[in-house]
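Worksheet for the structure shown next.
We did not get these values from a lab; they are worked out from the coordinates using the rules stated. In this text, all values refer to a predicted model and were calculated from it rather than measured experimentally. Here the Cβ positions follow ideal geometry from the backbone for every residue, glycine too, while neighbour counts run over all protein chains shown.
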C-alpha cells in the first residue's frame, strides 16, 4: 500500500494503514472525552500517532502547541476547513499555541506558483482560518518563505537524511519536492525548537500526509526532540465520488469562497445514492453510504447528530428523493458559506497583519 | 578529470581544464590592463569564464557586482585572502558592489558546525576582509542563514535541477551538500535578482570551485539572467607541498590569525627546493620551482616583482641556503601578519555590525 501526499487517489480501505504503517486507532475513550468535537465524535478523526502522549502532557500542564498549514495554491476548501477546525479545537481544549504555516515554498515546488501569485491567496486563506475561529493571540501564522528558522532547519534535516529514506517514504520525486519535505519537517518541529520551548506538538492533518509525520518523527528522534503527535482525519471524496476532494480539480470540491451559484451548480451534479427509478427508490430507499451529499452534511454542514439521523432515515426509507434532498442541503450549505464569508470579509485586514508580522516563532523578526 | 570543491587534491596540470571544461585563458591583454593587481600580473588568476563580457559591461557603465564568500569553519587562511584581495580589486577597479556570503549553512552541511560555533569565526573572517581593504559602504556582507532571498532561491533552483545534473557535477554526495549547492547558487545569482538590479556579477574563486560556477551559469541561463562571470586563481600547495592548502589540516596552512611563533614553526618545516648537501646546493643552486616558501612570496608576501626576482636569483645561483632564506621570509610574513592583525583588531566591531545588519540585498531587513 502506498500513500502519496501529493496525489488524488482515494483510500478505499483504511484498515491496512494501521498494520502497515503503525497508525494508532482513536479509542472510544478519546471519542467520548472529545465528543463535543464533531470530528472526534463522528470518527472523522479516526487515527493518530502519539496523541495519547500529547493529551497526557497537556493534562500535566506542559506547554503544548498545535501545528498545521496550508499550501496557498487555491482558496480554502473543505479539507483545509477540517484541519483548521481541529487546530481551533486544540487551541480551545488544551490552550495549545497554534503554529500555522502558509507553505508558499511548497506551492512553488509542487505547483510552480510564485510568491506574487500565492500572496493574495495566503491572505484569503488566513482570513478563512480566523473566520472559523482561530484565536490570533495564541498563534504564530507565517509564510515559509519568511521564516528563517524553518528554512535553515532544512539544512540540518538534510544532514540527517538519506536519499534512500526519502525515496522509501515518497517514491521517486523531484528534488524540489524533497526540499519541500525537509522544509515541512521544520514547520512541524519548530514549536519544539529550543527558542520556542514547547514540550509537545500535535499535527492535525489528512491521513494522506502521514509520510510527512513519519519523516518528522524520525528526525525528532535523531535530534532528541519529543516525537510530534498527529491526529488524522479521513479525507472525503470529490463531489463526483471518484477521487479524493482536491484543489487540483476545482469542480470536484467546494471552497469556502464559493458563491451560492457555485454551490448550486456543483452540488446539483454531485454523486448520490439514488436508485434508477423513483418507484424503486420509494420502495427500497436510497443508498446514503454512497451519497456525497450526505457526506458533506456528515463532515461539515450538519453539526446536530439528530438532524443528521433524520436525513439518513428519510433517505433510506424512501421518504425523500435525491432532487428534493439536494435542494435542502444546497440551501444549508449556501447559508453556512454566506455567514462565513461575511465574517471572513471583516477579518481580511487582520489576516494581512498577521502575515506581515512574519511571526514564525520566538526568533522571528 | 574531476574537480571536487570539497576535496584537497592538488591540480598538477591546469591545461586539461581548458579543454575539458571550457575555461577561458586570461589573455595577455587582460594581464596588462590589470597589471597593478598582483594576481593578474603574475598569472595567479589564470583562467576565467565570461570575464571579458563582464569587463565590457563595466566599461559601458553598467551596474556591476562582485560576489564571493567564505565558509566560517576556521580563521581566514591564505586561500580566503586571495579571494578577498580579488573582491577588493574589483570594487576599486570597476566600482563593483561586493556581495560577501558567510556560508554558515555550508559549514553546517560540510563540517557539521552549528551556528553557535561558526558565529564568532564569521565575525573574525569579516574583520579580516575589512582589514584587507574591503569598502563596507559598497558591500553587502551577510550570513546565509539570515538571508531569506538566498534561502528561498534554493527552492526555485531545486525546481530547475535534476539529481542527474548534481551527480554529474559533484559526484555522489549527501543531500546536505546538494542543498548547500542550491543555496550557493542563490548567493552567486543574488546580485542579479530583480530587486537588486545588478546587470553583471563576477565571482573570484579558486579553480576547484568551478563546478559551482558551471551550475549557477546553467541556472542563470534557465532563469533568463546574464551568466555570472568567474575569475579563477590557482590554488597553492600545503606547506608540505603535498596537497592543496586546506583548512582541514591547520598545520598545512597559514592563517591570518597565526602568531609569530606559529609562522616560525610552520614555515620552518615547509617544503623547499633544497639539494641534499650544502656543497651541491652551492654548486647547482636550489630548485625554486619546488619551493613552497618561494610560492608564499610569489602569491602573497612579496608584492615587488624586482625583490621577488632577487630571491629567485639568489636561490638558483646558490647564493643563499634554504635555512637563511627561510629566516628572512619568516620575518617578512611575521611583519605582514602583525600589521594585519593590528588593523583587524580595530575592525572587529565594524565586522560585528555588518553581520548584525543582515544586509543581504535590497530585500533584506
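Among the residues of B:170-182, the average count of other protein chain beta-carbon atoms within 10 Å of the residue beta-carbon is 4. When A:331, B:81 are arranged by Cβ crowding within 10 Å, least crowded first, meaning fewest neighbours, the order is A:331, B:81. Looking at chain B, the DSSP beta bridges with both ends there are about 30 percent antiparallel. Three semi-axes describe the equivalent ellipsoid of the range A:106-254; taken as square roots of 5 times the Cα gyration tensor eigenvalues and ordered largest first, they are 25, 20, 17 Å.
Taking every eigenvalue of the Cα gyration tensor of the range B:181-288, multiplying by 5 and rooting it, what semi-axes result, largest first, whole Å?
43, 16, 11
Counted by neighbouring Cβ atoms within 10 Å, the residues B:90, B:253 run from fewest to most as B:253, B:90.
Each principal axis of the Cα cloud of the protein assembly as shown was evaluated for its coordinate range; sorted largest first, these ranges are 119, 55, 43 Å. Along its three principal directions, the equivalent ellipsoid of the range A:250-344 from the Cα gyration tensor extends over semi-axes of 25, 14, 10 Å, largest first. The label point for residue B:341 and the one for residue B:21, both projected 7 Å from the Cα toward the Cβ, are 3.5 nm apart.
A simple spin-label model places the labels of residue A:282 and residue A:92 4.4 nm from each other, with each point 7 Å out along Cα-to-Cβ.
Mean sequence separation of contacting Cα pairs (under 8 Å, at least six apart), scaled by the length of chain A, corresponds to a relative contact order of 21 percent.
Report the calculated FRET efficiency for residue B:331 and residue B:31 (r = Cβ-Cβ distance, R0 = 25 Å), to the nearest 0.05.
Once the sixth-power term is evaluated, E becomes 0.25.
Principal axis analysis of the Cα atoms in chain B yields extents of 66, 45, 42 Å, listed in decreasing size. Once the mean of 1/r is taken over each pair of separate Cα atoms and inverted, the range B:154-230 shows a Kirkwood hydrodynamic radius of 12.6 Å. Helices in chain B, meaning DSSP H runs of at least 4 residues, each add -39500 (n - 2.57). Divided by all residues, the mean residue ellipticity at 222 nm is -15500 deg cm²/dmol. Once the Cβ-Cβ distance of residue A:165 and residue A:117 is raised to the sixth power relative to R0 = 30 Å, the FRET efficiency obtained is 0.40.
Pull up the DSSP beta bridges for the protein assembly as shown and report the antiparallel fraction as a percent, rounded to 5.
Bridges in the protein assembly as shown that DSSP calls antiparallel: roughly 30 percent.
In peptide B:145-151, how many Cβ atoms from other protein chains are near each Cβ within 10 Å, on average?
Taking the mean over all residues of the peptide, I get 4.
Sorted ascending by nearby beta carbons within 10 Å, beginning with the fewest, A:141, B:263 become B:263, A:141.
How crowded by other chains is B:155-164, given as the mean number of beta carbons from other chains within 10 Å of each beta carbon?
What the average comes to for B:155-164 is 6.
With only Cα atoms counted, the range B:7-99 has Rg and Dmax values of 14.4, 40 Å.
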